[in-house]
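Only one structure is covered here, and it is reproduced in the block below.
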Amino acid sequence: MGKRMPKIAVIAPLFLRIPPKKQGGTEWVVYHQCNGLVSRGYDVTLLAVAGTKTKAKLVPIMPKPVTEYPITLSGMEASRRLRLEMTSIGLIGARLMSGDYDLAFSHARGGETLLPLLHCLKLPVVTVLHLPVFAEYAELMKKFNAPLVSISNTQRKKFSRLNYVGTVYNCVDTDIFTFNPKPDDYLLMVTTIGEHKNTLDGILAARIARRRLIIAGKIRDQKYFKEKIKPHIDGKRVTYQGEIGLQEKIKLYRNAAALLFPVVWEEPFGLVMIEALSCGTPVLGYRSGAVPEVVTNGKTGFVTARSPAALAAAIKKIDRIDRAACRRDTERRFSIEKMIDGYERVIEKILDRR
């Protein structure tokens with residue numbers, strides 16, 4: 001008889017159904033991880049919101065995403081949404097207690113609260129770090145020697161002595177985000193509008209370079225949008241399309257001359273970068289977070305100093321970038337198969353230790 005494949009539980013974030021209809025990063029990673037592992041013969045159970053589509057066995061934890069529950073402050077406590085989130089984590093813990101799993105992957109915000117319980121159950125839970133690590137978080141992970149997957153090597157720098165069991169880059173479906181060698185002349189930002197994403201610098205850089213800019217994405221900070229971004233939107237030089245669906249997004253990527261990514265926070269990865277690169281669209285970003293790790297400077301885009309002038313200078317050089325090279329680099333480093341290879345190595349490493 002053949003060797004029994006491990007039983008794996010995957011804990012999804014509970015803010016959106018999978019795959020997401022519009023914006024969503026972690027949800028796409030979970031979608032491809034589950035489907036990819038199932039395709040390789042693993043017994044995978046996905047703990048997620050009802051209505052999720054997956055090749056794995058689905059355990060619906062909540063009937064709808066946390067963000068879809070109506071919050072009426074006149075009739076309920078201000079912390080209701082947080083309490084819903086924590087309740088969902090409790091329900092996940094109960095499910096893991098009753099299941100016979102060899103390993104769990106946690107992508108959920110708040111999933112770290114399960115560590116003491118799962119430690120007692122002796123169930124290895126691998127936390128996939130989709131956000132930066134901070135001191136208190138690192139202390140908890142160190143206490144339980146929790147196995148961690150970083151999504152970039154840059155993400156490890158501040159707390160390099162934790163129990164990292166692998167760096168697994170996020171992936172993009174290269175069959176959907178298809179290559180276009182002959183784009184239009186506009187620049188693109190697919191983003192969440194807020195100060196950390198630094199939408200304003202993209203607008204200023206496009207203005208200096210005298211290029212048209214299209215912005216797409218949800219608004220995180222209404223005050224920032226109203227005061228810093230909205231005054232620049234004229235429908236001609238700067239266009240804002242709001243939060244868009246998958247097909248609209250792919251069309252924008254394929255026809256963009258370049259994607260601007262002037263983030264100023266320590267972004268652990270940046271899925272929009274590889275989505276653009278898969279379409280052949282070079283990425284121009286500031287030297288922060290994982291940008292220098294994802295973008296090969298001078299080959300798949302440009303990594304610049306943190307100033308609109310430096311970004312504008314890079315815009316003027318985008319014709320030097322071979323769009324076919326962007327596509328090849330994506331296929332080599334960021335394909336679904338490459339990501340699943342990485343997660344398989346993590347599974348083998350964890351189960352070999354038991």
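Looking across region 185-198 at every residue that is touching a residue at least 40 places away in the same chain (Cβ under 8 Å) and β-branched (Val, Ile, Thr), the one that is farthest from residue 309 (Cα to Cα) is identified as 192. Only one of 284, 259 is outside any helix (DSSP H, G or I) and within 23 Å of residue 175 (Cα to Cα); which? Of 284, 259, the one residue that is outside any helix (DSSP H, G or I) and within 23 Å of residue 175 (Cα to Cα) is 259.
Determine if region 2-17 includes at least one residue that is out of contact with any Phe, Trp or Tyr (no Cβ under 9 Å at 6 or more places or on another chain), outside any strand (DSSP E or B), free of Cβ contacts under 8 Å to residues at least 12 places away in the same chain and not charged (D, E, K, R). Yes, region 2-17 contains at least one residue that is out of contact with any Phe, Trp or Tyr (no Cβ under 9 Å at 6 or more places or on another chain), outside any strand (DSSP E or B), free of Cβ contacts under 8 Å to residues at least 12 places away in the same chain and not charged (D, E, K, R). Just one of the numbered conditions (1) touching a helix residue (DSSP H, G or I) at 6+ places or on another chain (Cβ under 7 Å); (2) touching a residue at least 60 places away in the same chain (Cβ under 8 Å); (3) under 27 Å from residue 24 (Cα atoms) is not true of residue 131: (1). Kindly indicate whether any position in region 312-323 is small (Gly, Ala, Ser), surrounded by 15 or more Cβ atoms within 10 Å (Cβ to Cβ), in contact with a Leu (Cβ under 9 Å, 6 or more places away or on another chain) and assigned to a helix (DSSP H, G or I). Within region 312-323 (the criterion being small (Gly, Ala, Ser), surrounded by 15 or more Cβ atoms within 10 Å (Cβ to Cβ), in contact with a Leu (Cβ under 9 Å, 6 or more places away or on another chain) and assigned to a helix (DSSP H, G or I)), the answer is yes, since at least one residue qualifies. When residues in region 287-306 are screened for being without any contact (Cβ under 8 Å) to a residue 40 or more places away in the chain and either part of a loop (DSSP other than H, G, I, E, B) or small (Gly, Ala, Ser) (or both), 8 of them pass.
Only one residue in 275, 331 is in contact with a Ser or Thr (Cβ under 7 Å, 6 or more places away or on another chain) and under 29 Å from residue 126 (Cα atoms). Which one?
331
Give the residues of region 240-256 that are in contact (Cβ under 8 Å) with a residue 60 or more places away in the chain and not in a helix (DSSP H, G or I), sorted by residue number. Matches in region 240-256: 243, 244, 245, 256. Could you say whether any residue in region 31-50 is surrounded by 13 or more Cβ atoms within 10 Å (Cβ to Cβ), of a type in the set (S, T, N, Q) and touching a Ser or Thr at 6+ places or on another chain (Cβ under 9 Å)? Yes; the residues of region 31-50 include at least one that is surrounded by 13 or more Cβ atoms within 10 Å (Cβ to Cβ), of a type in the set (S, T, N, Q) and touching a Ser or Thr at 6+ places or on another chain (Cβ under 9 Å). Checking each residue in region 82-109 for being polar (S, T, N, Q) and in contact with a strand residue (DSSP E or B) (Cβ under 9 Å, 6 or more places away or on another chain) picks out 87, 88, 106. For beta carbons closer than 9 Å, sequence separation of 6+ or different chains, a first residue in region 228-239 that is surrounded by fewer than 10 Cβ atoms within 10 Å (Cβ to Cβ) and a second that is in a loop (DSSP other than H, G, I, E, B), the qualifying pairs are 236/212. In region 309-338, the residues that are under 16 Å from residue 256 (Cβ atoms) form Cβ pairs under 6 Å with partners that are in a loop (DSSP other than H, G, I, E, B) and among the hydrophobic types (A, V, I, L, M, F, W, C), at six or more places apart or across chains, as follows: 318/257; 327/179.
Readers should treat all values here as calculations from the given coordinates under stated rules, not as data from a laboratory. All values derive from a computational prediction rather than experimental measurement. All Cβ positions, even for glycine, are placed from backbone atoms using ideal geometry, and neighbour counts span all protein chains on display.
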